[in-house]
Amino acid sequence: MPTLAVLPSRGAARAGVLAAATALFAVAPAVPASAHVTVSPTAVSKEGVSRLTFQVPNESPTAGTVSVRLTLPLDTPVTFAMPAAKPGWTTAIGEEDLDKPLDIDGYEVTKTVHTVTWTATPGTRLEPSTFTLFEVLLGELPQNTDKILLPVTQTYDDGKVVDWADPPLPNGDEPNSPAPVLTLTDGGAEHDAHAAPAAQQTTAGTPWLAVSALVVGALALGLSIGNLLARRRKSA
């Protein structure tokens with residue numbers, strides 16, 4: 001279930017953005033090899049919903065990774081998060097109250113998405129000396145900054161915890177446990193989430209099946225968001 005920290009002001013327009021975002025999970029981005037936690041792409045548009053893929057390595061020779069937590073900044077709020085389903089892992093969204101409510105499209109925003117956590121189910125773990133990918137849709141991205149840090153906390157089954165949270169060093173050197181850094185553009189970037197579904201249209205075979213899948217996915221997402229908003233209006 002996606003988490004919205006702000007009510008959409010333009011239902012049809014936002015539904016179109018979210019429907020396009022649903023299709024992004026079918027297009028896997030290239031993820032660079034690295035010994036650290038990395039994010040791909042490294043640059044996205046501030047507008048709409050973006051799909052991010054986190055590459056998480058297990059650097060322990062003996063222990064397995066059993067939890068991965070992404071932390072989003074509170075001073076530059078993100079209002080929507082939807083993690084991709086991952087076999088053997090559960091997901092959870094954590095929200096925080098804002099110290100000062102924000103006005104977005106005429107709606108008062110009092111909460112922000114703060115964490116996205118993947119937890120391995122019993123019998124599942126990221127094995128030693130391997131890596132895996134965790135995917136999430138995020139939006140609306142902050143408008144008041146050009147870069148955000150995305151710290152990731154990695155927990156092993158022997159109790160060790162690694163915080164990939166260090167910002168870049170002023171001299172350009174890499175810190176010991178660097179946090180992924182996401183660059184935010186003013187729109188029109190080639191990494192914009194809206195561009196990905198168009199690439200799917202070049203797939204050979206039966207394009208109508210692909211189109212049908214996108215329509216069904218968009219309808220399902222629209223219904224789930226509609227139900228969420230209805231519950232929030234009733235509780236307001």
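Descriptive notes on the structure:
- Residue 129 passes every criterion in (1) open to solvent by less than 30 Å² (accessible area, probe 1.4 Å); (2) in contact (Cβ under 8 Å) with a residue 40 or more places away in the chain apart from (1).
- Here segment 92-126 is the region considered, the condition is being assigned to a strand (DSSP E or B) and of a type in the set (Ser, Thr, Tyr), and the residue that is least open to solvent (accessible area, probe 1.4 Å) is 112.
- Considering only residues in segment 50-79 that are within 12 Å of the chain's Cα centre (by Cα) and open to solvent by less than 10 Å² (accessible area, probe 1.4 Å), the one that is modelled with the lowest pLDDT turns out to be 79.
- Note on segment 134-147: residues that are within 13 Å of the chain's Cα centre (by Cα) and assigned to a strand (DSSP E or B) amount to 6.
- Listed conditions (1) out of contact with any strand residue (DSSP E or B) (no Cβ under 7 Å at 6 or more places or on another chain); (2) modelled with pLDDT of 90 or more; (3) aliphatic (A, V, I, L, M) are all met by residue 13, apart from (2).
- Any hit, segment 162-172, residues being part of a strand (DSSP E or B), of a type outside the set (Asp, Glu) and in contact with a strand residue (DSSP E or B) (Cβ under 6 Å, 6 or more places away or on another chain): yes
- Count of residues meeting criterion [outside any loop (DSSP other than H, G, I, E, B), touching a residue at least 12 places away in the same chain (Cβ under 8 Å) and farther than 16 Å from residue 181 by Cβ] in segment 148-161: 4
- Meets criteria (open to solvent by 20 Å² or more (accessible area, probe 1.4 Å) and modelled with pLDDT of 85 or more) for residue 7: no
The values are calculated or read from the model by the stated rules, or taken from the named source; none is laboratory data. Bear in mind the structure is a predicted one, so any value in this text is a computation, not a measurement. When we count neighbours, we look across all protein chains shown, and the Cβ atoms used for this are built from the backbone with ideal geometry, even at glycine. Surface areas here come from the heavy atoms of the whole protein model, side chains and all, with no ligands, DNA or RNA. Shrake-Rupley method; radii C 1.70, N 1.55, O 1.52, S 1.80 Å.
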